[in-house]
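Remarks on the structure that follows.
The numbers here are math on the coordinates, done by the rules we state, and not lab data. Because the structure is a prediction, the values reported are computed rather than measured. Positions of Cβ are generated from backbone atoms using ideal geometry, with glycine treated the same way; all protein chains shown enter the neighbour counts.
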Ligand code: SF4
Ligand code: SF4
């Protein structure tokens, strides 16, 4: 596809920033997770569900190829400045995808049958890495099915739930079997110096989370907004009022798609751009125009502060300060969700409960 195939781009002048072609898709196999990390911006936990079907998985991948092709236009600033060969990238995530290992393999078998290419990244928190033989077999299977890289989550948030020995075992065996270039540990620092939660009180835990968030900032939506944002330095709401989300939408180079087919821009979890069960992804991209949706239009032009008036009319009581615009956005959206307002855009329930 070309940039001008998009509805919003069509009406822009040559010099205006365009809505980018999506070049990666993070596919959430499930919202279920063995963990319930405090910074999880999808609110995943053992109580959550959902499992991506073969149709959603394959359709999403095919559509991404149709959008990005094998050669995607790279835009630097407002005008087209370079064209480069870029493979569209698929990333399997969750929830915890290894909870449904067999199902994930079935999806990958189908993608292989259809010659869709390699999965760039499969992400895991390593909870399953007890047995060396089983680890080797699983990695061998994923390698055969086209996994390019394995990403292992490793930080204080995950370490509250996953024993570091499991992470170490998986990282060592994966480096051995796949090679160091194909194994990402996020973050190495916490593999070298893991946190022992055993004797920590609540206050000490919070200090650790604050310092981890300073080292590696996370998007403050969903559980991160509820649990982590209140621990961070807050900015007066007046300061946030000038921040719109135009760049966040236009420059998002990719999307996330949840197990039910809901499409989110970049990491803006819980703001539904469309659903691929109803509309193919390439049509969602083509038809994207902020003006099609009042919530997205307001966020695009005025940021979350633009939603305040409407929220307050419905009873929302804002705080005086927030950790950032995504924290404010998440609080207002949570309020709308609780009131069952704008369900087409603010959902699904997994992101808000
Ligand atoms: S392991 Fe990942 S998906 Fe699971 S709760 Fe933690 S951040 Fe969320
Ligand atoms: S404020 Fe909301 S729409 Fe804007 S970037 Fe943050 S989560 Fe996305």
Relative contact order (percent, whole number), region 142-279, Cα cutoff 8 Å, 6+ residue spacing
17 percent
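Using Cα pairs under 8 angstrom and six or more residues apart, how large is the relative contact order of region 83-184, in percent? Could you put the intermediate results ahead of the total?
On the way: 124 pairs, mean separation 29.7, N = 102.
Worked out over region 83-184, it gives 29 percent.
Over the residues of region 222-339, compute the C-alpha Rg and express it relative to 2.2 N^0.38 Å.
On the way: Rg = 14.6 Å, N = 118, 2.2 N^0.38 = 13.5 Å.
Its radius of gyration relative to the 2.2 N^0.38 Å reference: 1.08.
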Take the alpha carbon atoms of region 180-203, find their center, do the same for region 293-349, and report the distance between the two centers in whole angstrom.
34 Å
Highest mean first, what order results for 322-334, 299-311, 175-187 on Cβ atoms within 10 Å?
322-334, 299-311, 175-187
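Which value results for Rg/Rh of region 179-238 when Rg is the Cα radius of gyration and Rh the Kirkwood radius based on the inverse mean 1/r? Please report the intermediate quantities before stating the final value.
On the way: Rg = 14.5 Å, Rh = 13.7 Å.
Over the Cα atoms of region 179-238, Rg/Rh equals 1.06.
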Mean Cβ neighbour count within 10 Å, used as a protection proxy, ranking 36-47, 255-266, 123-134, 3-14 highest first
255-266, 36-47, 123-134, 3-14
In Å and from the alpha-carbon atoms only, list the Rg and Dmax of region 224-288.
15.0, 41
Note on the chain: contact order normalised by length, alpha-carbon pairs under 8 Å, 6 or more apart, percent, works out to 21 percent
Order 157-169, 203-215, 267-279 from most to least packed using the mean count of other Cβ atoms within 10 Å.
267-279, 157-169, 203-215
Relative intensity, log₁₀ I(q)/I(0), of the chain from a Debye sum that treats every alpha carbon as a point, q = 0.10, 0.11, 0.13 Å⁻¹
-0.64, -0.78, -1.10
